[in-house]
1. Give me the dipole magnitude in Debye, nearest 20, for the stretch 21-258 about the Cα centre, with unit charges on the beta carbon: positive for Lys and Arg, negative for Asp and Glu.
2. Return the Rg/Rh value of the stretch 197-299, two decimal places, where both radii are evaluated on C-alpha atoms and Rh is the Kirkwood radius.
3. Roll a 1.4 angstrom probe over the protein heavy atoms and tell me the percent of accessible area of the stretch 230-365 that is carbon or sulfur.
4. Which residues make up the longest stretch of the chain clear of GluC sites (Glu not before Pro) that lie in a DSSP loop with no more than 13 other Cβ atoms within 10 Å, not counting the sites?
5. Tell me, in nm to one decimal, what length is gained between Lys157 and Gln268 on full extension, where the rule is 0.36 nm per residue of separation less the Cα-Cα distance?
6. In percent, how large is the relative contact order of the chain, given Cα pairs closer than 8 Å and 6 or more residues apart?
7. Considering the chain, what Rg and Dmax in Å follow from its alpha-carbon atoms?
8. Taking a probe of 1.4 Å, how large is the accessible area per residue of the chain, in Å²?
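The values are calculated or read from the model by the stated rules, or taken from the named source; none is laboratory data. Note that the structure is predicted; figures quoted are calculated from it, not measured. Because the Cβ atoms are built from the backbone with ideal geometry, glycine has one as well, and the counts that use them run over all protein chains shown. For the accessible areas, the whole protein counts, side chains as well, though only heavy atoms, and no ligand, DNA or RNA atoms are used. Shrake-Rupley method; radii C 1.70, N 1.55, O 1.52, S 1.80 Å.
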Amino acid sequence: MDERLLQIGTFPVEKSGNMPMVIAGPCSAESEKQVMDAAQAVAAIPQVSVFRAGVWKPRTRPGDFEGVGEKGLQWLNQVKHATGLSVVTEVAQPDHVEKALNHNIDMLWIGARTVVNPFSVQELADALKGVDIPVLVKNPVTPDLSLWIGALERINKAGIHQLAAVHRGFYLFERSPFRNAPMWEIPIELKRQYPELPLICDPSHISGNREYIRDVSQKALDLAMDGLMIESHCNPADALTDIEQQITPDILKQLLDSLNPRKETGSQDFQNKLQSLRSEIDKLDTEMLDILAKRMHLVNEIGEYKKDNSITIFQLKRWNEIVSHRLQFGREKGLEKDFLHSLLKIIHKESIRLQNEILNNGKRK
Ligand code: PEP
Ligand code: MN
């Protein structure tokens with residue numbers, strides 16, 4: 001996809017030291033007491049600067065708790081006044097935007113299920129025209145970076161410059177320990193294309209389970225993400241949504257205290273050492289590509305030879321031999337089996353492509 005510019009203004013990312021911005025609060029606003037209790041408790045954690053709670057909940061099945069609606073916005077307003085925290089809630093329809101603005105909600109987020117639908121995102125963008133409010137755009141449920149960028153563009157074109165992206169993982173049908181696979185390469189590519197766009201990780205919806213939240217949060221810090229959005233409820237077992245992944249404010253505090261924020265650059269000594277390790281990597285990469293090119297030359301020669309002798313390109317026995325030998329050799333060298341397998345498959349695919357080209361187009365020069 002072609003890379004287009006987003007007009008990004010300053011997002012009110014409040015960092016505490018090296019620690020990225022932390023947004024915390026329950027999945028859903030359930031009652032005034034539940035919201036106020038959670039807000040008071042998370043406000044006592046120094047790293048937390050924004051309070052979250054959903055008042056309209058997009059549920060997979062009808063009949064589940066769908067949020068308290070507009071009255072929850074009044075509770076969020078009380079949170080603002082009682083704690084000084086900024087408040088953020090989810091909007092999925094134009095009337096949600098209007099109601100949230102009427103109740104002076106500080107920030108809005110657009111959920112993963114809404115971001116999959118460009119019509120819905122456009123309706124929200126239209127409702128946001130002329131409004132100056134920070135908006136967080138979650139990644140779509142499907143691992144589709146263009147769809148995520150498209151939603152950011154639509155909101156941005158409506159004049160919203162205080163924009164941030166939220167990485168909440170991607171739904172995959174395959175079994176995985178995570179509720180939503182992190183697929184870190186996708187947010188990393190987003191950051192590569194839009195380095196000025198703040199990127200916030202939502203380890204709660206990635207994990208789906210309180211066990212993994214700390215490790216996912218640490219990984220987000222290791223990848224230089226700008227913030228964390230973590231669900232916190234005073235009695236997770238009684239929560240009306242996302243029971244498995246909400247953590248108490250006490251656990252949240254311990255978790256945040258246990259994280260190691262990373263710096264982007266270090267001392268001169270560190271820089272020198274890093275530079276020398278990087279030049280070794282550069283040298284090895286050059287050698288590796290040189291060897292790969294030599295290998296592909298040999299593949300061409302084999303392709304021509306097979307063509308002249310009317311022999312099939314794909315030879316199952318040979319492929320099996322390559323896989324078993326290279327896997328064993330690579331593992332003896334300390335490389336991971338899955339990595340080796342993917343690498344061999346990609347090399348083999350290119351070898352087949354080259355030989356096919358020879359078969360169809362005559363000699364390759
Ligand atoms: C949420 O944050 O509670 C939520 C519904 O998130 P998502 O859109 O990422 O599923
Ligand atoms: Mn949730």
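1. 120
2. My calculation puts Rg/Rh at 1.24.
3. Within the stretch 230-365, the accessible surface is 55 percent carbon and sulfur.
4. Longest stretch, sites excluded: 4-173.
5. Answer, rounded to one decimal: 35.7 nm.
6. 14
7. 25.3, 83
8. Computed with neighbouring chains in place, this is 54 Å² per residue.
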